[in-house]
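So the structure is just underneath, and the comments pick up after that.
Bear in mind that the values in this text are calculations on the coordinates, not laboratory data. Please read all numbers here as calculations on a predicted model, not as lab measurements. Cβ coordinates were reconstructed from backbone atoms using ideal geometry, including for glycine residues, and neighbour counts include every protein chain displayed.
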Amino acid sequence: MSNFNIDELVRENILKLEPYSSARNEYSGEASVFLDANENSYGSPLPESYHRYPDPLQWQLKQALSKIKGVPPQNIFIGNGSDEVIDLAYRIFCRPGVDNVILCPPTYGMYKVAGGINDIETREVLMTPDFQLNVEGILEVVDERSKLLFLCSPNNPTGNNLNRLDMEMLLNNFQGIVLIDEAYINYSRQKSFVQELTEYPNLVVMQTLSKAWGLAGLRLGLAFASEKILSLFNKVKPPYNVNLSSQQLGIKALESLESVNQTIRVTVEQRMLLQEALTHFPFIEKIYPSDANFLLVKTKDADDLYHFLSAKRIIVRNRSKEPLCQNCLRITIGTEKENEILLDALKNYPHG
């Protein structure tokens, strides 16, 4: 994108903002006595150093991520889950009651919720029946106050990859910030946009350690972008947004790359087996192609099937109220045993 000037997109009050300077921001070197942050000098009941504030910029975790992702640490932002990244994008770029963002439902629901929280208009352009982007429709609703465009690929709840050429078209033609959410990219054969950061100055790629890395409980959301964009994220975020335990355990988990890759392979294999097995049930009308760790399944009566499974203590997600997803259930790929339990239950569905 030529002539891109991020300062023209940022809220004026954010540009003028003098960020909070924490004790750990002002001194980050080695020392033996820390008397600067009003911490409890006598420690805590826990064995770790939890009486000390964590690194506000999580540099050790970023360095570990850098080795795996092939992105310099300064181009990585770590949030308290991806939801913090989404919220920060709204707060940095969108003026409440004035600006708007573009969403492409059916997609991840927090994009719209975050817009509502921040009093930002969300303009929705439905996906095509095969769950691809309506590029022409998106560009038609864009105006000079359109600041953000959210694209989720592989998409949630549909599971499919978005067409890469469509995303590139939007990156080149949308004059705001394009956020590509790759939460499920590890289960897909699609190439990540992380390596395209230098080509697109308006690009923010979101990933997470919650899915393939299995760290949902630690709340570690990732964003990859230019240093200019991430300097704004660091300016607005809370001083210590990622706690010490999450940082330490995240670093430890990143040492187990081969183990994670193995679970990805098993999940993809189980996805294929479950998809094939589901085709034999007459009450299942369609199984949509998936590049994620779940399947979107169209049934004859999603509400009834959902309640049937719930009664057997098997919980899936009813997505029937989402656009284009009438009578659809989203089924996460479980372990081999969990998938067998699901299939055995479906064999006893009385309306099959």
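Projecting the Cα positions of TYR27, THR208, ILE78 onto the charge dipole of the chain (unit charges on Cβ atoms of Lys, Arg, Asp and Glu, taken about the Cα centre) puts THR208 furthest along the positive direction. Net charge dipole, the chain: roughly 640 debye, given to the nearest 20, about the Cα centre with Cβ charges of +1 for Lys and Arg and -1 for Asp and Glu. Using Cβ point charges alone (K and R +1, D and E -1), the dipole size of the range 197-352 about the Cα centre works out to roughly 500 debye.
Fully extending the segment from HIS51 to VAL113, taken as 0.36 nm per residue of separation minus the present Cα-Cα distance, adds 18.8 nm.
Here's the picture: charge each Lys and Arg Cβ at +1 and each Asp and Glu Cβ at -1 in the range 96-196, and of PRO154, ASN134, ASN172 the one pushed furthest to the positive end of that dipole is PRO154.
What shape does the range 103-153 have by the C-alpha gyration tensor, where a ≥ b ≥ c are the square roots of the eigenvalues, rounded means a/c under 1.5, and otherwise prolate means a/b greater than b/c and oblate the rest? Oblate, because a/c is 1.5 or more while a/b does not exceed b/c.
Extension gain, GLU199 to ALA277: 0.36 nm times the residue separation minus the Cα-Cα distance gives 23.8 nm.
Of the peptides 17-28, 312-323, how do they stack up when ordered by the mean number of other Cβ atoms within 10 Å, highest first?
Working: 17-28: 12.7, 312-323: 15.2.
Highest mean packing first, the order is 312-323, 17-28.
Annotation: for a label point projected 7 angstrom from Cα along Cα→Cβ of VAL266, residues of the range 205-231 with backbone N closer than 18 Å are 210-216.
Which one, PRO47, PRO96, PRO105, has the greatest fluctuation when you compute a Gaussian network model over the chain with C-alpha springs under 10 angstrom? Result for the chain, Cα springs under 10 Å: PRO47 fluctuates most. Between the C-alpha center of the range 114-185 and that of the range 1-34 there is a gap of 28 Å. Considering the dipole of the range 258-347 built from charges on the beta carbon (Lys and Arg +1, Asp and Glu -1) around the Cα centre, which of LEU309, SER320, VAL297 is farthest to its positive end? Farthest towards the positive end: SER320. Most simply put, the chain has about 55% antiparallel DSSP beta bridges, counting only bridges with both residues inside it. Only the Cβ atoms of Lys and Arg (+1) and of Asp and Glu (-1) were treated as charged; on that basis the dipole of the range 1-125 about its Cα centre amounts to roughly 340 debye.
If you take every residue apart from ARG52 with its C-beta less than 14 Å away from the C-beta of ARG52, what net charge results, scoring Lys and Arg +1 and Asp and Glu -1? Show your work: numbers first, answer last.
Values: positive: ARG24; negative: GLU30, ASP36, GLU39, GLU48, ASP55.
Charge balance near ARG52 sits at -4.
For volume of the Cα convex hull per residue in Å³, the candidate list reads (1) 125; (2) 190; (3) 158; the entry that matches the value derived from this model is (3). Normalising the average separation of contacting C-alpha pairs (under 8 angstrom, six or more residues apart) by the number of residues puts the relative contact order of the chain at 17 percent.
The long axis of helix 244-253 is offset from the longest Cα principal axis of the chain by roughly 60 degrees. Quick one: angle between helix 164-173 and the longest Cα principal axis of the chain, in degrees between 0 and 90, rounded to 10, please. Between helix and principal axis, roughly 40 degrees. Between 0 and 90 degrees, the angle of helix 82-93 with respect to the longest Cα principal axis of the chain falls at about 60 degrees.
Shape summary: the range 54-174 maps onto an equivalent ellipsoid whose semi-axes, from the alpha-carbon gyration tensor, are 27, 19, 13 Å in decreasing order. Full extension of the segment from LYS300 to LEU17, taken as 0.36 nm per residue of separation minus the current Cα-Cα distance, would add 96.5 nm.
Assuming R0 = 56 Å, what is the FRET efficiency of ASP36 and VAL141, from their Cβ-Cβ distance, to the nearest 0.05? So, using R0 = 56 Å, E works out to roughly 0.65. Using a Förster distance of 56 angstrom, determine the FRET efficiency expected from the C-beta separation of ASN163 and LYS347, and round it to 0.05. Here the calculated transfer efficiency is 0.90.
Absence of a disulfide-compatible partner, taken as no other cysteine beta carbon within less than 4.7 angstrom, is noted in the chain for CYS94, CYS104, CYS152.
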